[in-house]
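To keep things clear, I will list the structure first and then write my remarks on it.
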Amino acid sequence: MVVTTIFGDLSPLTMHFIIGGVAFVAGGGLSYLLWNKALKKKRDEIIEDAKSEAEVIKKDKILQAKEKFLQLKAEHEKEINERNNKVAASENKLKQKEQNLSQKMEENQRKKKELDAVRENLQNQMDMVEKKNEELDKIHKQHVEQLEAISGLSAEEAKNQLMESLKQEARSEAMSTMNEIVEEAKMNANKEAKRIVVQTIQRVAAETTIENAITVFNIDNDEIKGRIIGREGRNIRALEAATGVEIIVDDTPEAITLSAFDPIRREIARLSLHQLVTDGRIHPARIEEIVNKTEKQIEQEINEVGKKTAIDLGIHGLHPELIRLIGKMKYRSSYGQNLLQHSREVANLSSIMATELGLNPKLAKRAGLLHDIGKVPDDEPELPHAMLGMKLAEKYKEKPEVANAIGSHHEEVEMSSLIAPVVQVCDAISGARPGARREAVESYIQRLRDLEELALSFEGVSKTYAIQAGRELRVIVGADQVGDTEADKLSYDISKHIESQLTYPGQVKVTVIREKRAVNYAK
């Protein structure tokens, strides 16, 4: 009725919608209130559970914190106890050291008092010694005055006479001792040196080649001489002009003499003549062609000889120009000794001797092969061959030891390595063998004169005789001028002057002869 009254004007459908909406709103509000109440209750339960759990956690953390605190407290107390123990031990050590120092100070004080007493005692004794010395000086002066009065000499004069006597005695003893030392050194040195030299020479066998300034070219018959001379001598003139060799055609049967100081030219002339005679065509144009061809062959042969020599000796890394100069040694001679054979021999000797002495054998062999390289240059400047060889070695980048050994083997420069004297000795060994070289008679005579004149320049020498081709020098001295001791010294001085002033192969034995003659006449 009421609803009808309020909504009397509305249709029934609208009425249903309105009633449904009111019922929905009322149900929603009721549902919200119920749900909110349930949520509040649930929230209160969760909060209570959280509070309970938080209280349990709080109590647990407090217990853990108490336990940690107790543990840290115990560790701290332990550490403090250890430190206290260490401090107590250190204090005990310090107390012990203080006690030791006190004892040492007391001991030092006691020793100081004893030293003071000893020092005072020594001072007293020194004073007494000084007094006694003064008394002794007075007594000594009195004795000296008495001796001067008795002897008639002053103390200074007696002192000088005594010193002079002592000097003479000391000189005699010194010379005697020196002679003993020198003789002992000579025995040992000669024995060892002879052993090394003999072993070295035994291990090297070299041929000795004596060459002259001429070459004899043999022919089958004398008719070939006319062909070689040619019409009006044109062939022989062309041959001499092309080779630079003097060709001597004389009455010697089946022989033509080629004369020249250059062995290479002689060899070119000999080979050219051989080809011309074999071929049979002998005229100026053919001669010039054959000589040019032969010169090229000789140059090639020189290079081949140089290479073969280096390979045979096991020497590597030589400059090509040095190899060519080594090959030219085949056609050179030194005092009649073939230069290449001599250089090979010196190289082998140097290698063996360097090995015996503990030196570098390869370096010694290299220096030995190149030591006379200055004798075969093309330009031949006005320099000693040793100096020229050293400059060539330096130019072609040889080692300083090799260059010095080349330059010093005749002592033009100072020796700076142990290889240098080895090369010098081996050069002397190779050249001093009997028959290896020939020297002019004038050089022997001049050497003998130089030896005799040098010995005559010494005081007390009356006569000198050089014997055994200058290998021994006998010196005769006056018995009234030179004593036995002075004779030893004179022999030593003469030998040293010979070493420093003269050049000679091998060694020179100096013998001083002192003869005393007593002569009387029965009338």
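The values are calculated or read from the model by the stated rules, or taken from the named source; none is laboratory data. The structure displayed is predicted, hence computed values, not measured ones. FYI the Cβ positions are ideal-geometry reconstructions off the backbone, even for glycines, and counts take in every protein chain you see. For accessibility, only protein heavy atoms count, side chains too; no ligands or nucleic acids. Shrake-Rupley method; radii C 1.70, N 1.55, O 1.52, S 1.80 Å.
Please go through segment 502-523 and give me each residue that is open to solvent by less than 50 Å² (accessible area, probe 1.4 Å) and either basic (K, R) or modelled with pLDDT of 75 or more (or both), ordered by number.
Of everything in segment 502-523, those that are open to solvent by less than 50 Å² (accessible area, probe 1.4 Å) and either basic (K, R) or modelled with pLDDT of 75 or more (or both) turn out to be L502, V508, V510, T511, V512.
Which one of these does G478 not meet: (1) within 27 Å of A347 (Cα to Cα); (2) modelled with pLDDT of 80 or more; (3) out of contact with any Asp or Glu (no Cβ under 6 Å at 6 or more places or on another chain)?
Only one criterion is unmet by G478, namely (1).
Between residues in segment 399-419 that are without any contact (Cβ under 8 Å) to a residue 24 or more places away in the chain and residues that are β-branched (V, I, T) and not in a helix (DSSP H, G or I), which pairs lie under 6 Å by C-beta distance while being six or more apart or on different chains?
Taking only residues 6 or more apart or on different chains, the pairs are G407/V413.
Please determine whether any residue of segment 302-315 is farther than 27 Å from G389 by Cα, open to solvent by 10 Å² or more (accessible area, probe 1.4 Å) and modelled with pLDDT under 90.
Scanning segment 302-315, I find no residue that is farther than 27 Å from G389 by Cα, open to solvent by 10 Å² or more (accessible area, probe 1.4 Å) and modelled with pLDDT under 90, so the answer is no.
Could you please let me know if R332 is buried (at least 22 other Cβ atoms within 10 Å of the Cβ), under 17 Å from K375 (Cβ atoms) and of a type in the set (K, R)?
No, not satisfied.
I'd like the residue in segment 465-483 that is open to solvent by 70 Å² or more (accessible area, probe 1.4 Å) and not in a strand (DSSP E or B) and, out of all such residues, is nearest to A518 (Cα to Cα).
Checking each candidate, the answer is D480.
Mind checking which residues of segment 243-258 are at negative phi and in contact with a helix residue (DSSP H, G or I) (Cβ under 8 Å, 6 or more places away or on another chain)?
T243, V245, E246, I247, V249, I256, L258
Quick check on V425: is it within 22 Å of the chain's Cα centre (by Cα), at pLDDT 80 or above and surrounded by 16 or more Cβ atoms within 10 Å (Cβ to Cβ)?
yes
So if I check each of E442, E486, E499, which one is surrounded by fewer than 17 Cβ atoms within 10 Å (Cβ to Cβ) and modelled with pLDDT of 75 or more?
After applying the criteria, what remains is E499.
Within segment 228-238, can one find any residue that is within 51 Å of the chain's Cα centre (by Cα), outside any loop (DSSP other than H, G, I, E, B) and at pLDDT 70 or above?
Within segment 228-238 (the criterion being within 51 Å of the chain's Cα centre (by Cα), outside any loop (DSSP other than H, G, I, E, B) and at pLDDT 70 or above), the answer is no, since none of the residues qualifies.
Taking N108 as the residue in question, decide whether it is open to solvent by 80 Å² or more (accessible area, probe 1.4 Å) and assigned to a helix (DSSP H, G or I).
yes
Looking at H283, is it of a type outside the set (D, E), closer than 12 Å to I224 by Cα, open to solvent by 30 Å² or more (accessible area, probe 1.4 Å) and free of Cβ contacts under 8 Å to residues at least 60 places away in the same chain?
no
Restricted to segment 391-404, and to residues that are under 20 Å from T309 (Cα atoms) and assigned to a helix (DSSP H, G or I), which residue is nearest to the chain's Cα centre (by Cα)?
V402
Cβ-Cβ under 6 Å, sequence separation 6+ or interchain: first residue in segment 352-376 and in contact (Cβ under 8 Å) with a residue 40 or more places away in the chain, partner of a type in the set (A, V, I, L, M) and outside any helix (DSSP H, G or I). Which pairs?
From residues that are in contact (Cβ under 8 Å) with a residue 40 or more places away in the chain, the pairs are L359/L418; R366/I315.
Is there a residue being in a loop (DSSP other than H, G, I, E, B), open to solvent by 40 Å² or more (accessible area, probe 1.4 Å) and at pLDDT below 85 anywhere in segment 454-464?
No - not one qualifying residue is present in segment 454-464.
For segment 173-183, check the following and say yes or no: at least one residue is surrounded by 11 or more Cβ atoms within 10 Å (Cβ to Cβ), part of a helix (DSSP H, G or I) and modelled with pLDDT under 70.
Yes, some residue in segment 173-183 is surrounded by 11 or more Cβ atoms within 10 Å (Cβ to Cβ), part of a helix (DSSP H, G or I) and modelled with pLDDT under 70.
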